[in-house]
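What follows is one structure encoded as structure tokens, with my remarks underneath.
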Amino acid sequence: MLRLGLCCIFKNEPIKFRQTTAKTLKQFDRAEQVHLLSELCLHNVQTIQLALRYVNDHNIGAFRILSPLFPRYTHPEVAYKIDELPQQGEIVEVCAAIRKFSRQNDIRLSLHPDQFNVLSSPRIEVVKNTIRELEYQGVLADMLGAEVINIHAGGQYGNKKEALKRLKENFKHLSRGVKAKLTLENDDVSYGPQDLLPVCSDLSIPFVYDIHHHRCLPDELSEEEATQQSIALWQSFGREPYFHLSSPKFGWHSKKPKPHADYINPIDFPSFWLGLDISVDIEAKAKELAVLQLQRDLDL
């Protein structure tokens, strides 16, 4: 079964998440901060419920949860834990309902932390912040039932081999739960599938294949080879592969093929993906409208 995935937010549907800033929170005393954060966290998990009902009603098989679902959770000046929140019980109850609903309806949940999370950085503080953020993502994943925490490898920092060596070394400092959910994705600047598939194999984690990135940063692997090697790695863990798809906003022959378009051009969907048992997150600016349109284009 080929399943398409919706990423994080909606274009037209009145399903909206709420955020705040550390600057705003610091205007209040700690009790007021915690009260506001509790309201935001409860609202956001309730919004996940709405999102999952929508994707289930529209035959969308996967949903990517936005990373700051619990706003400012790791910020050094306003950080908090769920058990500090006045509405902890309600939040935990809603999360349990989300886990149950996604299991019953076979909806895959994933997380894709922001690109400032870099395990390959030569800066110790960056790595410490990354580990702290990934552990928060692990809390989110456990509470909501997400099975994937997907990250990029980061920059090359003048020496690709040493950077990947640091990534593998810093991976050891993650908790067992986060390690079990972590995946690596190729990017469009520094690391292609040929770079990361061996790293994933060494770390015993899956590889998320982004075909748009591969088209922007090709290597010696063909799209078919990268697809099959990614599938083989996922299947070695008994798990369904995750892929990413987007179309270039300005076209493949423009000087800027990297920005994502509003919709997916059907010719960008590889014909050899049809019929595969994979999840494909649709990274398109029109969000749910793009997923529904691609469903029609592919006759899914």
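The values are calculated or read from the model by the stated rules, or taken from the named source; none is laboratory data. None of these values were measured; they are calculated from a predicted model. Here the Cβ positions follow ideal geometry from the backbone for every residue, glycine too, while neighbour counts run over all protein chains shown.
In the range 27-50, the residues that are without any contact (Cβ under 8 Å) to a residue 60 or more places away in the chain reach residues that are assigned to a helix (DSSP H, G or I) and of a type in the set (V, I, T) with C-beta atoms within less than 8 angstrom, at least six apart or across chains, in these pairs: S38/I91; C41/I82; C41/I91; L42/I91; L42/V94; Q46/V94; Q49/V94; Q49/I98. Determine whether Y54 is among the aromatic types (F, W, Y), over 28 Å from N105 (Cα atoms) and surrounded by 15 or more Cβ atoms within 10 Å (Cβ to Cβ). No; evaluated as a whole, the condition is false for this residue. Candidates D195, D219, D202: the one that is assigned to a loop (DSSP other than H, G, I, E, B) and in contact (Cβ under 8 Å) with a residue 12 or more places away in the chain is D219. A Cβ distance below 6 Å, combined with a sequence gap of six or more or placement on separate chains, defines the contacts here; from the range 89-114, residues that are under 17 Å from N56 (Cα atoms) and touching a residue at least 60 places away in the same chain (Cβ under 8 Å) reach residues that are hydrophobic (A, V, I, L, M, F, W, C) and in a loop (DSSP other than H, G, I, E, B) in the pairs S110/A146.
Sort out which residues of the range 1-44 are among the charged types (D, E, K, R) and not in a helix (DSSP H, G or I), and write them in order of number. Passing the criteria: R3, K11, E13, K16, R18, K26, D29. Scanning the range 102-133 for residues that are of a type in the set (S, T, N, Q) and assigned to a helix (DSSP H, G or I) returns S102, Q104, N129, T130. Only one entry of S110, S121 meets the criterion of being of a type outside the set (V, I, T) and closer than 28 Å to A51 by Cβ, and that entry is S110. For H152, the test of being buried (at least 21 other Cβ atoms within 10 Å of the Cβ), under 26 Å from E39 (Cα atoms) and under 15 Å from the mean Cα position of the chain (by Cα) is failed. Out of Y80, Y136, Y73, Y157, one residue alone is surrounded by 15 or more Cβ atoms within 10 Å (Cβ to Cβ), of a type in the set (S, T, Y) and in a helix (DSSP H, G or I). It is Y136.
For residues that are part of a loop (DSSP other than H, G, I, E, B) and among the charged types (D, E, K, R), scanning just the range 242-272, find the one that is surrounded by the fewest Cβ atoms within 10 Å (Cβ to Cβ). Checked the range 242-272; the qualifying residue surrounded by the fewest Cβ atoms within 10 Å (Cβ to Cβ) is K255.
In the set E185, E225, E240, E220, only one residue is of a type in the set (D, E, K, R), more than 21 Å from L2 (Cα to Cα) and at pLDDT 95 or above; that residue is E220.
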